[in-house]
There are 2 protein chains.
Amino acid sequence: MRNFELYNPTKIVFGNGTISRIGEVTAKYGKKALLVSTRGSIKRLGLFDKVKKTLLNAGVDSIDLIGIEPNPKLESVINGATICKENKVDVIVALGGGSVIDCAKAIAFAALDDGDPWDFFIKKRSPKEDNSLPLIAALTLSATGSEMNFNSVITNQKTRQKLATHFDMSYPKVSIIDPELQITIPKFFTACGMVDTIAHVLESYFDGGENTPIQDRIAEGIVLTVIENESVLDDLENTANRANISWASTLALNGINTAGRENKPLYAHKIEHEIGGTYDIIHAAGLTPIMPAIFEILCKANPSKFKQFNERVFGADKNMDPLKSGLEGIEKLKQKFVKWEMPLKLSEAGVEKPGLDLIALNASKSIKDELFSKEVVTKILNDNF
Amino acid sequence: MRNFELYNPTKIVFGNGTISRIGEVTAKYGKKALLVSTRGSIKRLGLFDKVKKTLLNAGVDSIDLIGIEPNPKLESVINGATICKENKVDVIVALGGGSVIDCAKAIAFAALDDGDPWDFFIKKRSPKEDNSLPLIAALTLSATGSEMNFNSVITNQKTRQKLATHFDMSYPKVSIIDPELQITIPKFFTACGMVDTIAHVLESYFDGGENTPIQDRIAEGIVLTVIENESVLDDLENTANRANISWASTLALNGINTAGRENKPLYAHKIEHEIGGTYDIIHAAGLTPIMPAIFEILCKANPSKFKQFNERVFGADKNMDPLKSGLEGIEKLKQKFVKWEMPLKLSEAGVEKPGLDLIALNASKSIKDELFSKEVVTKILNDNF
């Protein structure tokens, strides 16, 4: 186990019906909120208006910022920060999935800064400590774990970069995770959340070093919980399944299962971020085509953790040859993606041929690992196009 | 899964050698510290003086409060609080195991209060929010999880009560967990820490309700990690084993594995707290004689979780009869206690016959569950005397 620091001050309010507490929770932090959300079903199905009313009943006036898209854009961040400055907003409320929460985190620090917020993403400047508006998140789609971490991933369309910040001040003060809000999520996006959760866990699990038994058990527990609750895809309104997947998703990227592991790059995420910077696709749909190929390369280099995965998650025989067992586990995972109707080809996810070379070049530069040279990444992209 | 709130703002600094950071970490919170510790090996082996010097090098002056005993006493709390008031102490540093940290938590809030701190334990008064000195903990014995929770268990010798407070302000600001500090812990106390860790997890696991798959996996992972690292008892200086057991111990009672479970009383802990209020014994040595008997009663009432435990922790056949499998798992756990040389009789732990009736009465009152009437608790105590 490596030495580590772990800090996560986000307060979680979890359970069916807890969205009704959004007003009470927010009022502790401010009286004038920026309510950040999407233009889609949250608005259409009345949740947005319900939240706005609950805030008002608790004495919190809110200004709307709707229209945050998947892969949130830098211009949305700048727009939100400007509204905050002009209206003396004192608290941000994010109502949505990872994209909305990531965007709200960036708005929260951009609102108290006078420069270009992109400076923080390209590390041109560092923000002052604790110089961020308080953020309350109400989660409507479990996937990214943004509700209980300090990551904010933003896309700059001008430079075609998708980059992340990680500041202690970006942890939401409180996140409400109400699984009932997710029963209207269609099958495809539910599956995307399940994939994203598994990807967060397995990327660090498979390359996280030796002697991490408790981290491994937690990681395997998260993957098993997602798989054992996969029937939600045929029963979208099952709140028991939703609750289990939802909590597993939060735990997948809140630091608990990675603390003490080697700090290796998340290869599939690095490559997908380059793809996502160029083509505006759904994150998880960009992961499923490339993740098995990446895992195969890692497995051939060192099969021991893959063997353990196949045994503990898929019940494989412990006497199998390590490489054979490892590769079998990857194939079984791939079959889960098939069962969940996720794309296994980048072209099905909306990626086009032009730009693949540049994506491979940038991804290999970002990964900085000899196993994933530009040539190898190019092959992964082409083989799974 | 039940609705829940989860909040844990303690920052963990984990790893071999991290004790050297105690000065830097403490200096962020204050310049005049109360350094709380025990009179035993921490002082004898030079760790206390080393920490004091590291604090001083970081500009933190410290006043000593040594002599905190297992089952920390209310008078130590009052004594510590008086020193803080008289010397304008602005930060508390706890150097020790759970007893020292529990005591330091109570000193931290008693130092800013003018009344009797016992009022908070018997719920006669509630403290003001955030009215506590900041606490930095450096852990020297993994067992209670106090380094990453808000529990403070204090014994009032006058009233023979051992009671706990749970205030958000009692989370340590930072806890340093340096496994290397634990290589001098003798075999018996190492085993006690392992038992305490397992007890924290299993008490809520076995009676924590249905549909908690991710919580169950984490709990099983913690127990498995302790068992798979038991060779530390024959190789006390093995820091890899120490690190795994240590981190498992912290996770056992930091809220992660209990969030979402039914909030049932921890039966063995409730009974042991009554024993510990009367006889000044080692906490874990009071648990091992009674825990198997308590689990047997719970298993006979509902064997399903015990069957799962035997399968996932001890590899039992899934086709076994549930009750038979459940009881077999408890027996295997008991055999672990035997292997670790823990007492299986209360008399071996230092408990005496007089007072057992009163202990049973108070424990059953505190548990408030028909399965554990005064008669049943009396039988448990006598059968395992």
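Here is how the numbers come out for the structure above:
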read-out	value
Inter-copy spacing of A:A164 label points, which lie 7 Å from Cα along Cα→Cβ, given in nm from shortest upward	3.5
Cα shape, segment B:47-89, gyration tensor, a/c 1.5 rule	oblate
Within chain B, helix-based [θ] at 222 nm, where runs of 4 or more DSSP H residues each add -39,500 (n - 2.57), nearest 500	-14000 deg cm²/dmol
Cβ-vector label at 7 Å, A:E375, separations to other copies in nm	8.1
Neighbouring partner chain Cβ atoms per residue of B:204-216, average, 10 Å criterion	4
Other copies of B:P322: label-to-label distances in nm, shortest first, labels 7 Å along the beta-carbon direction	4.1
Rounded Å value of the spacing that divides the Cα centres of segment B:204-233 and segment A:1-65	33 Å
Average partner coverage of B:251-260, which counts Cβ from other chains inside 10 Å	2
Helix A:291-301 vs. chain A, principal-axis angle (Cα, 0 to 90°, nearest 10)	50 degrees
Average Cα contact separation per residue, segment B:11-181, under 8 Å, 6 or more apart, as relative contact order %	28 percent
Distant alpha-carbon pairs in the protein assembly as shown (separation over 52 angstrom), percent	13 percent
Sorted by Cβ neighbour density within 10 Å, fewest at the top, the residues A:K353, B:K105	A:K353, B:K105
Relative contact order [Cα under 8 Å, 6+ residues apart], segment B:187-383, whole percent	24 percent
Gyration tensor verdict on segment A:187-383 (Cα atoms; rounded if a/c is under 1.5, prolate if a/b is larger than b/c, oblate otherwise)	oblate
B:S373-B:N319 FRET efficiency (beta carbon distance; Förster radius 45 Å; 0.05 resolution)	0.80
In degrees, nearest ten, helix B:356-367 long axis to first principal axis of chain B (Cα)	90 degrees
B:A301-A:A240 pseudo-label distance in nm [points 7 Å out on the Cα-to-Cβ vector]	2.1 nm
Anisotropy class of segment B:103-187 from Cα gyration tensor, a/c 1.5 cut	oblate
Axis proximity, chain A to B: residue whose C-beta lies nearest, plus whole-Å distance	A:P9, 2
Normalised contact order of chain B, rounded percent, pairs of Cα under 8 Å and 6 or more residues apart	15 percent
Given charges at Cβ of Lys, Arg, Asp, Glu: the protein assembly as shown dipole, positive-most of B:G30, A:I12, B:N156	B:G30
Per principal axis, descending, Cα span of segment A:11-181 in whole Å	42, 29, 26
Segment A:175-182 - phi-based ³J(HN,Hα) in whole Hz, Karplus 6.51/-1.76/1.60, Gly and Pro as x	10, 9, 10, 10, x, 4, 5, 9
Between 0 and 90°, nearest 10: helix A:98-110 axis offset from chain A longest Cα axis	50 degrees
Inter-centroid distance (Cα atoms) of segment A:72-116 relative to segment A:263-296, Å	26 Å
Linear extension gain, A:K85 paired with A:R44, 0.36 nm per residue minus alpha-carbon span	11.9 nm
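Each value in this text was obtained by applying a stated rule to the coordinates, not by laboratory testing. As the structure is a computational prediction, the values presented were derived from the model and not from experiment. Every residue, glycine as well, gets a Cβ built from its backbone with ideal geometry; the counts of neighbours run over all protein chains shown.
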